[in-house]
């Protein structure tokens, strides 16, 4: 069966290819950028939640984004926290961010007391080697070790100190790097200080109560529930949703404009063809349908190519930057596809409307 | 015999800057069912404009056009498009085929437009056989000679059983051999199928093939109508 729309697409191969690429880039831009943002946030949030603690107790003025905090509390607070009703265990942690060993924005280091850390969650699983014992012992997670080809007994210099990797732990819990609490305190020249306290409650049902109690007993200090960490993190990053929205809008606009330009030039080139259709008695709706169909077919092919490009980009980033997560979710795949179709449809609408209104004789005589 | 097409004081004026150009003046024509009429005149005399007015491709400035008794001069674009697809077949000097489609597909498009997407492949084969191109169904226009392209255009004009075929200089782009073939094909369509045909030409010899000749000069019909 004759299909003028498809026949024209295959005739003008270069223009068809460029239009498809524009839509594909729109789709992959949306999916990869959103996936990168979401992946990073989700990864950070899940690592905090996977520690197993119920509450993060933070100093006044601090942020849920631990790597941005530069505030410290006295370690003596631990004695008051642990005697709070409902609290089972408390683990002080001092944090620092090192730019060494790659990672998106650097790698978070936790200075911990190993036993107390286990007491609040117990989910730091050692895959190789031994726990922290010596002053300059270091644990790294599996992902960081693989990304930097680190082995047991390798030495890593951080904050002008030489640490020895004594253990490799399972990834996805807390920080990627662990060193002894007192070592990091001394290195940072913050003796008897902590950046935060992890708090474990006697039972999950008490968590809310305990958090309120802590806020009352320590006015100005901040409590962050582990179970809401992900949402609170997303909210605390000012403008993250606006950023995602802006990227999405820009991508749609670019795709819409490319389709508009492609369809506009194609209708001008095919003015005589439109004149022939009118001479044959084609309705305006028929002409609009022919041109919009072309735009939508271009978009659909572009969307499929965009999906493939996104998956390829995700795979490449996973290989090249193993510490960075790109999460492409089904809901965003569907949304990006719909946005691609919408940009194709509206990009073709004006050119098709213009074509439908052409005078048949003028169109037939167009050179 | 009833009138398939009738014009009453038909006129068309084009305004170019401050000048009015009277392309057609007070044309009165009657074309009966089954007639083969040629309209002949020098280039620029208004024959094509007259044809376009008769076929509903342009709106007249004055006068009226009737196709099977329906006045098409005052109706809107959609209604005129309906008249064109259901009642009129056009053949143009430049063939005006879709270059991206095969001969068969060019006819399919015409059928789709007229019959809401429905295509009768048997009829396409019959019509292509009638014009002697049953073996060229899948050829694109560029793969056909100019004479063959014009015959495909004639087949397209016939495909929806129009009440009248309007042919505007159908041999204008053809050599003499192909012109002869096309003219006699048109003659055969009239003689064997009773197809009503109006042929526009500047060529006196070509115009003689019709049963009735109408002369035109400076936008005015000057010979029997």
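The values are calculated or read from the model by the stated rules, or taken from the named source; none is laboratory data. Please read all numbers here as calculations on a predicted model, not as lab measurements. Neighbour counts run over all protein chains shown; Cβ positions are idealised from the backbone, glycine included.
The table below lists the values:
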{"read-out": "Selection status of residue A:285, surrounded by fewer than 16 Cβ atoms within 10 Å (Cβ to Cβ), over 27 Å from the mean Cα position of the chain (by Cα) and either outside any helix (DSSP H, G or I) or modelled with pLDDT of 90 or more (or both)", "value": "yes"}
{"read-out": "Region B:42-91 - residue that is in a strand (DSSP E or B) and within 13 Å of another protein chain (Cβ to nearest Cβ) and, of those, surrounded by the most Cβ atoms within 10 Å (Cβ to Cβ)", "value": "B:89"}
{"read-out": "Test: residue A:275 is in a helix (DSSP H, G or I) and within 14 Å of chain B (Cβ to nearest Cβ)", "value": "yes"}
{"read-out": "One residue from B:135, B:116 being within 14 Å of chain A (Cβ to nearest Cβ), surrounded by fewer than 20 Cβ atoms within 10 Å (Cβ to Cβ) and either farther than 22 Å from residue A:357 by Cα or free of Cβ contacts under 8 Å to residues at least 60 places away in the same chain (or both)", "value": "B:116"}
{"read-out": "Residue tally, condition surrounded by fewer than 19 Cβ atoms within 10 Å (Cβ to Cβ), within 14 Å of chain B (Cβ to nearest Cβ) and either touching a residue at least 60 places away in the same chain (Cβ under 8 Å) or farther than 30 Å from residue B:141 by Cβ (or both), over region A:13-51", "value": "1"}
{"read-out": "Residues located in region B:92-107, provided they are more than 7 Å from chain A (Cβ to nearest Cβ) and within 19 Å of residue B:165 (Cβ to Cβ)", "value": "B:92, B:93, B:94, B:95, B:97, B:103, B:106, B:107"}
{"read-out": "Residue B:110 under 26 Å from residue A:5 (Cβ atoms), under 14 Å from the mean Cα position of the chain (by Cα) and either more than 14 Å from every other protein chain (Cβ to nearest Cβ) or not in a loop (DSSP other than H, G, I, E, B) (or both)", "value": "no"}
{"read-out": "Selection count, region B:195-208, where residues are at pLDDT 95 or above and in a loop (DSSP other than H, G, I, E, B)", "value": "2"}
{"read-out": "Residue that is within 26 Å of residue B:122 (Cα to Cα) and in contact (Cβ under 8 Å) with a residue 60 or more places away in the chain, where the choices are B:181, B:217, B:187", "value": "B:187"}
{"read-out": "Members of region A:62-71 that are in contact (Cβ under 8 Å) with a residue 12 or more places away in the chain and out of contact with any helix residue (DSSP H, G or I) (no Cβ under 7 Å at 6 or more places or on another chain)", "value": "A:62, A:66, A:67, A:69, A:71"}
{"read-out": "Scope region A:155-172; condition touching a residue at least 40 places away in the same chain (Cβ under 8 Å) and surrounded by fewer than 22 Cβ atoms within 10 Å (Cβ to Cβ); matching residues", "value": "A:156, A:157, A:158, A:159, A:167, A:168, A:170, A:172"}
{"read-out": "Boolean, residue A:205 is farther than 30 Å from residue A:29 by Cβ, more than 14 Å from chain B (Cβ to nearest Cβ), in contact with a strand residue (DSSP E or B) (Cβ under 8 Å, 6 or more places away or on another chain) and in a helix (DSSP H, G or I)", "value": "no"}
{"read-out": "Given (1) at pLDDT below 95; (2) more than 9 Å from chain A (Cβ to nearest Cβ); (3) outside any helix (DSSP H, G or I), index of the condition residue B:166 fails", "value": "(1)"}
{"read-out": "Single residue of A:110, A:163 found to be within 26 Å of residue A:55 (Cα to Cα) and not assigned by TED's automatic domain parsing to the domain that holds residue A:324", "value": "A:110"}
